[in-house]
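Worksheet: one structure, shown below.
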Amino acid sequence: MNKGRLFILSGPSGSGKDTILNEFLKDNKDIKLSMSTVSRPMRKDETQDSKYHHVSKEEFLNLLNKNEFLEYNEYLGNYYGTPKTPVLNAINNGIDMIVEIDVNGAGNIRKSFPDAISVFIVPPSLKTLKERLIGRGTETEEQIEKRLNKAFDEISRANEFDYIICNDDLKKAVNDLNSIIKSNRLKYERQIELLERVQKTC
Ligand code: ADP
Ligand code: 5GP
């Protein structure tokens, strides 16, 4: 059995990672999204386990001490981590996983998964990024400024990624992600079992 592959989706806050993923996952039930554990307080539109598993800082640090994370990062004063067991279980059972994490987390996870396929979502401009963060209405003005200040540095690290998607038009961005994942699944090393099956029919 082929092992599952790990896909990393990253990009500045507000670049559209969640929106693209939600659309993509509607039509792709054969890939699993990793649910992060975070110490960030819930936003008004969030519930426990809707996107994240929310814990206190103490609980997060306790899990970290127990080596429960594949990677983690502190982002604007809160901890965000990828739980290790669900990702390893899925991959060992041949299931593709996707993690949506920040650029530091992406750098860290590549150390344990050098073959991970990484995708960076870039907004069409910083002006649009600001407008989208304001439009989302989930952060205060001060929090938006902090996120925008990080965005410039994050975009300057886009060269660490395999693929870049510009999220100008949502439908196109979702199609781009689809193409990346589909083409990776068609690579020779993922098709060896198929080729063996075909050869057996001779
Ligand atoms: P991220 O997950 O990267 O922080 P979101 O997915 O929350 O970003 O997107 C930020 C905001 O931008 C949301 O309000 C979302 O509806 C909006 N948005 C995302 N993609 C587009 C797009 N292509 N065109 C217009 N608005 C978009
Ligand atoms: P937000 O507060 O907007 O939900 O997320 C802030 C940033 O943390 C985003 O860039 C998001 O991709 C990232 N993030 C979410 N989950 C994880 C995680 O498990 N690990 C890391 N390193 N970053 C994460």
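The values are calculated or read from the model by the stated rules, or taken from the named source; none is laboratory data. Computed from a predicted structure; not experimentally measured. Counting neighbours? That spans all protein chains shown, and the Cβs are built from the backbone with ideal geometry, glycine included. Only protein heavy atoms, including side chains, enter the accessible area calculation; ligands, DNA and RNA are left aside. Shrake-Rupley method; radii C 1.70, N 1.55, O 1.52, S 1.80 Å.
Here are a few things to note about the model shown:
- Check: region 54-113 dipole with +1 on Lys, Arg Cβ and -1 on Asp, Glu Cβ, in debye: 200
- Taking 12 Å as the straight-line reach from the Cα of LYS111, the aspartates and glutamates in range (excluding those fewer than 8 positions away in the same chain) are GLU71.
- Ordering 5-16, 99-110 by mean Cβ neighbour count within 10 Å, with the highest value first, yields 5-16, 99-110.
- The charge dipole of the chain, taken about the Cα centre with unit charges on the Cβ atoms of Lys, Arg (+1) and Asp, Glu (-1), comes to about 480 debye, rounded to the nearest 20.
- Computed over protein heavy atoms with a 1.4 Å probe, the accessible surface of region 6-200 works out to 54 Å² per residue.
- Kirkwood Rh (inverse of mean 1/r, distinct Cα pairs), the chain, angstrom: 18.0
- Rg to Rh, two decimals, where region 1-105 supplies the alpha carbon set and Rh follows Kirkwood: 0.96
- Accessible-area composition of region 6-200, carbon plus sulfur, in percent [1.4 Å probe]: 51
- Fraction of beta bridges assigned by DSSP in region 6-200 that are antiparallel (%, nearest 5): 30
- Proximal lysines to LYS130, defined as alpha-carbon separation beneath 25 angstrom and excluding residues fewer than eight positions away on the same chain: LYS17, LYS44, LYS51, LYS146, LYS150, LYS171, LYS172
- Between ILE8, VAL38, LEU195, the Cα set farthest toward the positive side of the dipole of region 6-200 (charges on each charged residue's Cβ, about the Cα centre) is that of LEU195.
- Taking all Cα pairs closer than 8 Å and separated by 6 or more residues, the relative contact order of the chain comes to 31 percent.
- Each stretch of four or more DSSP H residues adds -39500 (n - 2.57); spread over every residue of the chain, this sum gives -13500 deg cm²/dmol at 222 nm.
- Peptides 115-125, 65-75, 84-94, 135-145, ordered by how many other C-beta atoms sit within 10 Å of their residues on average, highest first, read 115-125, 65-75, 84-94, 135-145.
- Working from the Cα coordinates of region 128-192, the gyration tensor eigenvalues give, after taking √(5λ), semi-axes of 32, 15, 9 Å in decreasing order.
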